[in-house]
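Colleague: Dropping the structure in here first, questions after.
The values are calculated or read from the model by the stated rules, or taken from the named source; none is laboratory data. From a predicted model like this one, the values you see are computed outputs, not experimental measurements. For neighbour counting, all protein chains shown are included, and Cβ atoms are generated from backbone atoms with ideal geometry for every residue, glycine included. When the accessible area is computed, the model is the full protein with side chains, heavy atoms only, and any ligands, DNA or RNA have been set aside. Shrake-Rupley method; radii C 1.70, N 1.55, O 1.52, S 1.80 Å.
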Amino acid sequence: MKTYLVTGGAGFIGSNFVLYLLKKHDDIQIVNLDKLTYAGNLENLKDIESDKRHIFVQGDICDEKLVSKLFSDYSIDYVVNFAAESHVDRSISDPEIFVKSNVLGTVNLLNCAKKAWQIGDDQFREGCKFLQVSTDEVYGSLGAEGFFTEKTPLDPHSPYSSSKSSADLFVKAYWDTYRFPINITRCSNNYGPYQFPEKLIPLMINNALQHKELPVYGDGMQVRDWLYVEDHCKAIDMVVEKGSLGEVYNVGGHNERPNVAIVKTILSYIQENVDSQVSEALIRHVEDRKGHDRRYGIDPQKIKDDLGWYPETAFEEGIKRTIRWYLEHMDWMKNVTSGAYQEYYAKMYQNR
Ligand code: NAD
Ligand code: TYD
């Protein structure tokens, strides 16, 4: 039996990953460590409430005592580190927490895992692995042509992507220095169920359903490369099982779209299938994000060639599935957008 320490497993991708793993593998145990920030939500894990293979622990990845205790209480084979502050706009207004959770938190996890797995000088227990869930944003911004490969130099621009790049460099350093067993995955933008509605797709779905304005930053022609969250989970699972130690794997499905096209796709689905009153008149171009990266585009050839990964959900299908999921989970949306969210939204958008 393999035991996973999944961090950030009550957030968007982490909760999807926990659900994916439990469905895919019978003989596993998951220790899920999550601080439950505004972005973490135990409702995301309701479907596995009574599954004994899942143990939830509320806590901070920066807490050395707690993380060490988890390593001594459980025989952890794999660490999959999702825990992070993940929103670029928040990192622009409050960068420090990004350094704490994303950089110091990752280093603390590395240290605790290194202590627990070390069996000799630069020798670690057979079969253990630390997987750092990173992002394509560490590569910076592309012009109209070309793609990010694993060899593209890191060139982050936002405090968020800088913190993720720093974490990646520490993870790489533990491989280069100690031969500590790691992989890093760098995925493009995810979408799907349980994404917090501060991110483009769920925010636009939620606003459109309420006939609220849809704030498109600048000209809306910034390009993101969208991947359905389950395809990202599949990639991480494959890298845990088969990734060559020390390697970085880019993950993406060559699905690049300008932001305004995403917004129009959402509007037309809602107009046709849910509410004919919804239209493009709701779109409002607002002040651009500071330092806004123009284009992301992943070259996923390495993970395809080396591990046999491929994306299963085409965007046309994935976006419909996602909108339908939010429609069927209006209570979830209502809960996560009550209280502090209202304050966040007002602060973020009132003067734009
Ligand atoms: P999210 O914000 O939805 O979830 C983050 C989770 O981490 C939350 O549950 C939060 O409570 C938890 N957390 C935050 N700080 C913590 C701490 N100090 N200790 C313990 N738990 C903490 O984020 P997400 O979109 O699910 O992203 C997960 C990971 O995937 C992040 O590392 C992010 O950089 C990476 N990633 C995200 C995307 C994307 O499109 N969302 C794409 C590529 C990579
Ligand atoms: P986001 O979902 O925040 O992801 P990221 O910044 O990590 O790529 O944003 C996706 C794109 O959508 C990005 O170019 C910023 C843009 N955007 C808007 O135009 N309006 C919005 O309200 C939000 C949240 C994002």
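Colleague: When only alpha-carbon atoms count, how far does the range 79-228 stretch along each of its three principal axes, as whole angstroms with the largest first?
Modeller: Projected onto the principal axes, the Cα atoms of the range 79-228 cover 61, 33, 29 Å.
Colleague: Roughly how many Å² is the accessible area per residue of the range 87-176, as a whole number, for a 1.4 Å probe?
Modeller: 44 Å²
Colleague: Over the chain, what is the relative contact order in percent, taking alpha-carbon pairs closer than 8 angstrom and at least six residues apart?
Modeller: Computed value for the chain: 17 percent relative contact order.
Colleague: Taking every eigenvalue of the Cα gyration tensor of the range 264-309, multiplying by 5 and rooting it, what semi-axes result, largest first, whole Å?
Modeller: Taking √(5λ) for each eigenvalue gives 34, 21, 5 Å, largest first.
Colleague: Shifting gears a bit: Hey, could you grab the Kirkwood Rh for the range 313-352? Inverse mean 1/r over distinct alpha carbon pairs, Å, one decimal.
Modeller: Hydrodynamic radius (Kirkwood, Cα only) of the range 313-352 equals 12.0 Å.
Colleague: Give me, ordered by chain and number, the residues 5 or more places off Arg295 or on other chains with an amide H under 5 Å from its own placed amide H.
Modeller: Counting only residues 5 or more places away or on other chains, the set is Leu142, Val223.
Colleague: From the phi of every residue in the range 184-198, what ³J(HN,Hα) in whole Hz does the Karplus formula 6.51 cos²θ - 1.76 cosθ + 1.60 yield, where θ is phi - 60° and glycine or proline is x?
Modeller: Running phi through 6.51 cos²θ - 1.76 cosθ + 1.60 with θ = phi - 60° gives 10, 10, 10, 9, 7, 4, 9, 9, x, x, 6, 7, 5, x, 9 Hz.
Colleague: If you line up the long axis of helix 105-117 against the longest principal axis of the chain, both from Cα atoms, how many degrees apart are they, to the nearest 10?
Modeller: For 105-117 against the chain, the angle is about 30 degrees.
Colleague: Here's another thing I want to ask about it. How many angstrom lie between the Cα centre of the range 35-108 and the Cα centre of the range 160-180?
Modeller: 18 Å
Colleague: Could I have the simple spin-label model distance between Lys320 and Ala261, label points 7 Å from Cα toward Cβ, reported in nm to one decimal?
Modeller: Once both label points are built, they end up 1.9 nm from each other.
Colleague: Taking only protein heavy atoms into account and a 1.4 Å probe, give the accessible area per residue of the range 190-297 in Å².
Modeller: 36 Å²
Colleague: With N set to the number of residues, divide the alpha-carbon radius of gyration of the range 20-94 by 2.2 N^0.38 Å and report two decimals.
Modeller: In units of the globular-protein estimate, the range 20-94 measures up at 1.24.
Colleague: While we're on this one: Give me the Å³ per residue figure for the convex hull around the C-alpha atoms of the range 231-352.
Modeller: Considering the Cα atoms of the range 231-352, their hull volume per residue is 174 Å³.
Colleague: Report the antiparallel proportion of the DSSP beta bridges in the chain as a percent, rounded to a multiple of 5.
Modeller: 10 percent
Colleague: Please list, in order along the range 337-352, the HN-Hα scalar couplings obtained from phi with the Karplus expression 6.51 cos²θ - 1.76 cosθ + 1.60 (θ = phi - 60°), rounded to whole Hz, x for Gly and Pro.
Modeller: In residue order, the calculated couplings are 9, 8, x, 4, 4, 4, 5, 4, 5, 4, 5, 6, 10, 5, 9, 7 Hz.
Colleague: Hey, any idea what % of the range 127-211's accessible area is carbon plus sulfur with a 1.4 Å probe?
Modeller: Using a 1.4 Å probe with all protein chains present, the range 127-211 comes out at 55 percent carbon and sulfur.
Colleague: Give the ranking of Phe71, Phe130, Phe170 by solvent-accessible surface, highest area first, calculated with a 1.4 Å probe.
Modeller: Listed by decreasing accessible area, they come as Phe170, Phe71, Phe130.
Colleague: How large is the charge dipole for the chain, taken about the Cα centre, if only the Cβ atoms of Lys, Arg (+1) and Asp, Glu (-1) carry charge, to the nearest 20 debye?
Modeller: Roughly 300 debye for the chain.
Colleague: Something else about it: Pop out the ³J(HN,Hα) list for the range 261-272 in order, Karplus 6.51 cos²θ - 1.76 cosθ + 1.60 with θ = phi - 60°, rounded to Hz; leave Gly and Pro as x.
Modeller: Taking θ as phi minus 60°, the curve returns 5, 4, 4, 5, 4, 5, 4, 6, 5, 5, 4, 6 Hz for the range 261-272.
Colleague: How large a share of the accessible area of the range 280-352, in percent, is made up of carbon and sulfur atoms when the probe is 1.4 Å and the other protein chains stay in place?
Modeller: Whole-percent figure for carbon plus sulfur exposure: 46.
Colleague: When only alpha-carbon atoms count, how far does the chain stretch along each of its three principal axes, as whole angstroms with the largest first?
Modeller: 65, 46, 38
Colleague: Just the number, please: carbon plus sulfur as a percent of the accessible area of the range 23-108, 1.4 Å probe, no ligands or DNA/RNA counted.
Modeller: 50 percent
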